[in-house]
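First comes the structure, then the notes that go with it.
We did not get these values from a lab; they are worked out from the coordinates using the rules stated. As the structure is a prediction and not an experimental result, all values here were calculated from the model. Glycine also receives a Cβ, built like all others from the backbone with ideal geometry; neighbour counts cover every protein chain displayed.
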């Protein structure tokens with residue numbers, strides 16, 4: 001209650017002062033030294049607070065810029081890894097590369113070159129037709145074909161491991177060409193264990 | 001419903017026809033079919049198994065009858081227990097050949113349960129006398145796996161008495177189940193049980209002494225060769241074989257000391273020879289970069305191998321010496337017809353090779369006689385793959401999609417008669433055991 005009375009007085013005094021030189025103050029409100037000091041500290045505090053807020057905002061903007069940059073890098077990295085680990089598809093009973101699968105493979109090369117520590121395992125797969133045992137060999141031939149292409153394009157052979165799951169792990173269930181086409185493939189996964 | 005009616009009708013008609021012919025038949029055995037003589041293809045002596053007294057008597061008779069039926073060398077005279085019981089000799093009495101004659105049996109089998117097991121008598125109907133008698137001990141675990149196998153052994157002994165050659169009932173089949181694990185099942189379809197629990201287990205191959213098997217498996221994402229006993233969970237990985245690329249299709253040499261398998265890397269898939277005891281370094285058998293080579297099978301002497309190779313383009317069967325020398329083609333596929341020939345298995349008698357041949361777009365089971373290279377096709381419905389010989393060199397187990405889901409089936413290569421072995425979907429890559437005499 002007291003505080004608000006004082007504040008009201010101050011407001012009146014200040015508003016009268018603002019009203020112009022012609023008007024003389026009707027009442028001179030006495031302000032103690034202690035009150036003046038308190039007001040000065042409050043003023044200083046307000047200035048400091050606003051400066052701190054400005055600095056905080058700048059820091060926050062800086063952090064946001066860094067976050068955005070990191071997100072961009074991560075997105076680019078994810079994009080590169082998606083390129084590297086993108087599946088390559090094959091024709092029936094073929095290990096040879098089609099034009100389309102060659103393009104998928106070509107896109108992997110710069111991404112692999114930019115990441116010399118990145119190691120991959122290529123696992124070849126087949127559709128369900130033919131001898132399941134012989135299909136393991138066909139799947140491996142597909143993986144070997146892809147590895148040979150990458151090595152010929154400058155990727156260190158020791159970075160690429162090959163394997164085959166033949167017809168044992170179909171991507172899509174079914175006994176029609178639509179399923180078979182998606183199952184004749186080679187998958188790329190990052191490996192971290194010893195070659 | 002129609003099928004059921006048709007089937008019942010067919011069974012009735014067949015039964016009537018059988019009875020008519022059996023009753024009309026001369027009581028004397030046909031010419032050339034006598035006890036203890038060799039089996040003559042195309043003829044089937046008729047055998048009557050008498051009922052068996054005792055609590056387990058009906059089961060014993062049923063198992064013996066089924067084994068003789070599955071053996072495909074005899075015609076089983078099928079009498080229900082009550083009808084057949086009237087024919088039983090009184091205790092201590094003689095077989096009444098006069099009363100049995102109308103059934104047309106060449107041989108009468110009389111099993112009798114004893115405290116220790118079983119007494120078997122086989123009567124020669126033509127000679128009207130007891131031809132053979134022997135005691136068999138049966139394990140005490142009645143209906144257990146050991147008891148059933150011992151009884152199958154008795155059936156096989158009957159084959160030996162009648163034809164001079166054992167049957168193949170006392171055997172088991174290893175295979176990859178729908179769950180990607182190795183399973184084992186008795187030759188009559190009983191006692192299916194899982195033996196491995198790894199990431200994936202394919203292509204089981206019996207140790208020649210029947211004590212265990214080798215297989216191709218995946219562990220920690222890599223292909224390895226495993227060896228195992230017949231107790232579940234006794235898998236051990238061979239460390240001499242590097243877990244790189246693929247290591248698949250193992251086959252024991254007949255002496256059980258080495259394993260030939262296919263190992264694939266950047267240079268293709270080659271056959272290698274490793275010690276079964278996991279010692280030393282594996283040795284390459286097929287030439288480097290000679291296409292993909294898989295699925296080896298030894299001849300009974302262990303001197304030669306038959307295997308699948310894509311060295312000429314399409315996969316075909318090839319022969320070579322066990323040390324990898326003298327390779328030569330055994331089949332010639334047609335590139336235009338995509339007629340792949342794969343998955344060979346050399347018969348235990350050394351005479352034939354069974355394999356899967358692509359015929360008219362589907363895989364069928366075929367046998368090739370090594371003497372003149374003549375080929376016979378044994379299946380025609382569905383996809384039929386990965387055949388393996390029974391120790392009788394007559395029956396073949398294989399996987400088939402003839403009824404939809406993949407199952408193991410058995411074909412008698414002589415008569416073409418088929419029976420289904422497994423009842424759980426997805427069974428494949430079977431290997432039939434040697435005779436498992438306890």
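In table form, for the structure just shown:
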| quantity | calculated |
| --- | --- |
| Shape metrics for the protein assembly as shown, restricted to C-alpha atoms - Rg then Dmax, Å | 39.4, 155 |
| Euclidean distance of C-alpha centroids, the range B:187-245 and the range A:53-97, integer Å | 43 |
| Mean-position separation - Cα centroids, the range A:38-52 and the range B:115-137, in angstrom | 117 |
| Alpha-carbon Debye profile of the range A:123-195, log10 I(q)/I(0) at 0.15, 0.26 Å⁻¹ | -0.52, -1.10 |
| Mean projected area (nm²) of the alpha-carbon convex hull when the range B:332-438 is viewed from all directions | 7.2 |
| Crossing angle, helix B:57-71 versus chain B [Cα axis fit, 0-90 degrees, rounded to tens] | 50 |
| At R0 = 35 Å, FRET efficiency that the Cβ-Cβ distance of residue A:152 and residue B:197 yields, to 0.05 | 0.25 |
| Distance histogram in 10 Å bins (all Cα pairs of the range B:58-157, percent per bin) | 14, 47, 34, 5 |
| Cα point-scatterer Debye curve for chain B, base-10 log of I(q)/I(0) at q = 0.08, 0.09, 0.10 Å⁻¹ | -0.50, -0.63, -0.76 |
| Extension gain (nm, one decimal) between residue B:96 and residue B:119, 0.36 nm per residue minus Cα-Cα | 6.4 nm |
| Within 10 Å of each Cβ in B:260-269, the average number of Cβ atoms from other chains | 5 |
| C-alpha long axis of helix B:2-24 to longest principal axis of chain B, angle in ° | 50 |
| C-alpha long axis of helix B:145-163 to longest principal axis of chain B, angle in ° | 70 |
| Stokes-Einstein D in µm²/s, Kirkwood radius over Cα pairs - the range B:172-432 at 25 °C with 0.890 mPa s viscosity | 135 |
| Over the range A:76-168, volume per residue of the alpha carbon convex hull, in Å³ | 88 |
| Gain upon complete extension [residue A:113, residue A:52; 0.36 nm per residue less C-alpha separation] | 17.3 nm |
| Cα pair distances in the range B:275-374, grouped into 10 Å bins until the bin that holds the longest one, percent each | 16, 47, 29, 8, 1 |
| Equivalent ellipsoid dimensions for the range B:123-221 as semi-axes, Å, which come from the Cα gyration tensor, largest first | 37, 14, 10 |
| Gap separating the Cα centres of the range B:169-186 and the range B:343-381, nearest whole Å | 22 |
| Rg followed by Dmax, in Å, when the range B:190-293 is reduced to its Cα trace | 13.5, 44 |
| For chain B: relative contact order, % (alpha-carbon pairs under 8 angstrom, 6 or more apart) | 10 |
| Computed lengthening from residue A:96 to residue A:169, 0.36 nm per intervening residue step minus Cα-Cα distance | 24.2 nm |
| Mean separation of Cα contacts under 8 Å (6+ apart) over length of the range A:101-161, as relative contact order % | 44 |
